[in-house]
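A.B. asks: One structure, pasted below without further comment.
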Amino acid sequence: LAKTTQPISMDSYEGQEVNITCSHNNIATNDYITWYQQFPSQGPRFIIQGYKTKVTNEVASLFIPADRKSSTLSLPRVSLSDTAVYYCLVVGVDSSYKLIFGSGTRLLVRP
Amino acid sequence: DAGVTQSPTHLIKTRGQQVTLRCSPISGHKSVSWYQQVLGQGPQFIFQYYEKEERGRGNFPDRFSARQFPNYSSELNVNALLLGDSALYLCASSLQGVGQETQYFGPGTRLLVL
């Protein structure tokens, strides 16, 4: 499975848009990009998943360029409750039962 | 609808002891996976079970074992506990654990080994 690289931490303020970029240079043709959010002492929570171009749901948007070697999670108008660790994962169709988490990006939203 | 449930929520053991952690998947989900999360790191895959069969195993010693029951609930057992086994143990369930299915995580069991 492709290794992912994302910033260790990010700071933002309430009401701002936050973009977290993840690189996955070795992504395979059948791999999907998935993002999870985790609050302290809780299990990760699925945010969004995509294969190419743009995916949007009620929580976030996911932008994936044509070469798929990177992706950007966009959180519109963050609030204090969005302070969490965000994980970018590459999920293989053949082995997706095994999620490989990196260290994630620690997002701190300030008042 | 009930999500993934895990018990107990917290546990304190001493070195050398054995521990059993339990997980109940979301109704209708037949796949259960276990992850270990050490403080400050991302979760690490331990096992996946589907239809009571082990489908995958991560890089963990044989002290770690698991099983899945006919009702799709699962237990994770850890023998001969070491201090380094202190972690948050997470259970995740999905329909079949294949493709790009979403895995839903429980709240975890916090294990402290003294």
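The values are calculated or read from the model by the stated rules, or taken from the named source; none is laboratory data. Because the structure is predicted, anything quoted here is derived from the model rather than measured. We place every Cβ from the backbone using ideal geometry, glycine too, and count neighbours over all the protein chains shown. Side chains included, ligands, DNA and RNA excluded: accessible areas come from the protein's heavy atoms. Shrake-Rupley method; radii C 1.70, N 1.55, O 1.52, S 1.80 Å.
A.B. asks: Could you tell me which GluC sites (Glu not before Pro) in the range B:15-114 are loop residues by DSSP with no more than 14 other beta carbons within 10 angstrom of their beta carbon? The partial results should precede the final answer.
C.D. replies: Details: sites: B:Glu51, B:Glu53, B:Glu54, B:Glu75, B:Glu101; in loops: B:Glu51, B:Glu101.
In loop regions of the range B:15-114 (DSSP not H, G, I, E or B), the sparsely surrounded GluC sites (Glu not before Pro) are B:Glu51.
A.B. asks: Now for a separate question. With contacts defined as alpha carbon pairs under 8 Å and 6 or more residues apart, what's the relative contact order of chain A in percent?
C.D. replies: On the way: 279 pairs, mean separation 40.3, N = 111.
Relative contact order for chain A comes out at 36 percent.
A.B. asks: Okay, next question. Are there trypsin sites (Lys or Arg not before Pro) in the range B:1-45 that DSSP marks as loop and that have at most 13 other Cβ atoms within 10 Å, and which are they?
C.D. replies: Details: sites: B:Lys13, B:Arg15, B:Arg22, B:Lys30; in loops: B:Arg15, B:Lys30.
For trypsin sites (Lys or Arg not before Pro) across the range B:1-45 that sit outside H, G, I, E and B with at most 13 neighbouring Cβ atoms in 10 Å, the list reads B:Arg15.
A.B. asks: If you take the Cα Rg of the protein assembly as shown and divide it by 2.2 N^0.38 Å, with N the number of residues, what do you get?
C.D. replies: Here the Cα radius of gyration is 1.02 times the empirical estimate.
A.B. asks: Quick one: how many lysine pairs in the protein assembly as shown have C-alpha atoms under 15 angstrom apart, if they're 8 or more apart or on different chains? Numbers along the way, then the final one.
C.D. replies: Details: A:Lys3/A:Lys69; A:Lys3/A:Lys98; A:Lys52/A:Lys69; A:Lys54/A:Lys69; B:Lys30/B:Lys52.
Lysine pairs meeting both conditions in the protein assembly as shown amount to 5.
A.B. asks: Rounded to the nearest Å, what's the spacing between the alpha carbon centres of the range A:33-84 and the range B:28-63? Just the number, please.
C.D. replies: Spelled out, the Cα-based centre of one part sits 23 Å from the other.
A.B. asks: Please check which bits of the range A:8-36 a label hung off A:Leu80 would reach, taking the label as a point 7 Å along Cα-to-C-beta and the cut-off as backbone N under 16 Å.
C.D. replies: Within reach of a label on A:Leu80: A:12-16.
A.B. asks: Would you mind giving the average projected area, over all directions, of the Cα convex hull of the range B:5-113 in nm² with one decimal?
C.D. replies: Details: hull surface 25.1 nm².
Computing the convex hull of the Cα atoms and averaging its projections yields 6.3 nm².
A.B. asks: What is the percent carbon and sulfur in the accessible area of chain B, measuring with a 1.4 Å probe over the protein chains and ignoring ligands? If you can, show how the numbers build up before the last one.
C.D. replies: Details: 2730 of 5360 Å².
Of the solvent-accessible surface of chain B, carbon and sulfur hold 51 percent.
A.B. asks: So how much accessible area does B:Lys52 have, in Å² to the nearest 10, using a 1.4 Å probe?
C.D. replies: For B:Lys52, the solvent-accessible surface is approximately 90 Å².
A.B. asks: I'd like the chymotrypsin sites (Phe, Trp or Tyr not before Pro) in the range B:32-89 restricted to DSSP loop residues with at most 16 other Cβ atoms within 10 Å, sorted by number.
C.D. replies: Numbers: sites: B:Trp34, B:Tyr35, B:Phe45, B:Phe47, B:Tyr49, B:Tyr50, B:Phe64, B:Tyr72, B:Tyr89; in loops: B:Tyr72.
The qualifying sites: there are none.
A.B. asks: Efficiency by 1/(1 + (r/R0)^6): what FRET value for B:Ile12 and A:Phe63, r their Cβ-Cβ distance, R0 = 41 Å, to the nearest 0.05? Write down the numbers at each step before the final one.
C.D. replies: Details: r = 45 Å, r/R0 = 1.09.
For R0 = 41 Å, the calculated efficiency reads 0.35.
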